[in-house]
Protein chains: 2
Amino acid sequence: MRPYTQVLERLRSANLRPTRQRLALAKLLFDGGDRHITAEQLHGEAMTAGVRVSLATVYNTLHQFTDARLLREIVVDAGRSYFDTNTSEHHHFFYEDSGKLEDIPHDELHVSQVPSAPDGAVIKSVDVVIRVAAAQAAQ
Amino acid sequence: MRPYTQVLERLRSANLRPTRQRLALAKLLFDGGDRHITAEQLHGEAMTAGVRVSLATVYNTLHQFTDARLLREIVVDAGRSYFDTNTSEHHHFFYEDSGKLEDIPHDELHVSQVPSAPDGAVIKSVDVVIRVAAAQAAQ
DNA sequence: AACTACTTTAGAGTAATTCTAAATTAATCC
DNA sequence: GGATTAATTTAGAATTACTCTAAAGTAGTT
């Protein structure tokens, strides 16, 4: 269990204390490669791993990590937020049947001719979601 | 108030009876050009217009219309579904500040090199959302 | 060790949506 | 056109995901 230098630094620069709960959640989030996870799922994993942490703290932590750019929030499903440990620019497949998300590497999909934002507004992100489902009638 | 031939036909082909509530909601939805509206908003409009209809029926009707391809459901905001009266292929600007959606015509934005769906799955849609906010720190 | 500010937490509260079971209405059949 | 059957609507309860609150706990500082 080596010290998470990157996490620690990010926490410090965001003025977030490296508490037991934040470090345990960071370990669950960032030790498994690229992940897409909901708050309830992460809370479940913490419980399973024997980490005592409340659901409220999981929500707080996910939002703080998102603000600190350690996570990215993804909305693809009504009434549920996913958090993505991959913060680099990329897009997603969304499996409607299972509710799973999968990264599409940045170089495998290109959006061209992005219209400019209206006056006084700036583009915050360009999000592409390709929804897929078990083979049957498409669209 | 001419008879909504298209709506009536779609309802018929979806085995949905043209009830007072469905016809009134169809009128509110399809009489104003392209619209992006939530269930609560539509229910509010119905109330204002003096149409007696329950919120449950508004939800049922929106989903039935979506299944009948009269509407398209759009998820851009955690915990809120929008319904779009424009069912042709196009994408959206989402104004994070106001919660408003705006169409991007199909020919103004192009997604290239769409990766193919994994085996056994089909692509149901490719949705692009450009999130914009009042000018300040971008991304 | 003491102080102060930040954190965590249980549980209440909220918003959007879905469910349920009873009442209503539409379409069909004589 | 009234009776029958099946679809529809509805109020209100239930559910889900999430946020808030205020009290107790913990971290960093002196």
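The values are calculated or read from the model by the stated rules, or taken from the named source; none is laboratory data. Remember, predicted model here, so these are calculated numbers, not experimental data. Neighbour counts run over all protein chains shown; Cβ positions are idealised from the backbone, glycine included. These accessible areas exclude ligands, DNA and RNA; they are computed on the full protein's heavy atoms, side chains included. Shrake-Rupley method; radii C 1.70, N 1.55, O 1.52, S 1.80 Å.
Here is how the numbers come out for the structure above:
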{"quantity": "Where a residue in the stretch B:94-116 is over 19 Å from A:HIS91 (Cα atoms) and its partner, wherever it lies, is among the basic types (Lys, Arg) and modelled with pLDDT of 90 or more, with Cβ under 6 Å and at least six apart", "calculated": "B:GLU96/B:ARG131"}
{"quantity": "The stretch A:93-106: number of residues that are within 13 Å of A:VAL128 (Cα to Cα) and facing another protein chain (nearest Cβ under 10 Å)", "calculated": "5"}
{"quantity": "Search result, residues across the stretch A:2-27 that are surrounded by 13 or more Cβ atoms within 10 Å (Cβ to Cβ), within 10 Å of DNA strand D (Cβ to nearest atom) and not in a loop (DSSP other than H, G, I, E, B)", "calculated": "A:LEU8, A:LEU11, A:GLN21, A:ARG22, A:LEU23"}
{"quantity": "Selection count, the stretch B:28-60, where residues are open to solvent by less than 80 Å² (accessible area, probe 1.4 Å) and either aliphatic (A, V, I, L, M) or part of a loop (DSSP other than H, G, I, E, B) (or both)", "calculated": "18"}
{"quantity": "Within the stretch A:89-110, tally of residues that are under 23 Å from B:HIS106 (Cα atoms) and crowded, with 17+ Cβ neighbours inside 10 Å", "calculated": "7"}
{"quantity": "Single match in B:ALA24, B:ALA78 (criterion: at the interface with another protein chain (Cβ under 9 Å from one of its Cβ atoms), within 14 Å of DNA strand C (Cβ to nearest atom) and over 13 Å from the mean Cα position of the chain (by Cα))", "calculated": "B:ALA78"}
{"quantity": "Residue that is nearest to DNA strand C (Cβ to nearest atom) [pool: residues in the stretch B:61-75 that are within 14 Å of chain A (Cβ to nearest Cβ) and part of a helix (DSSP H, G or I)]", "calculated": "B:HIS63"}
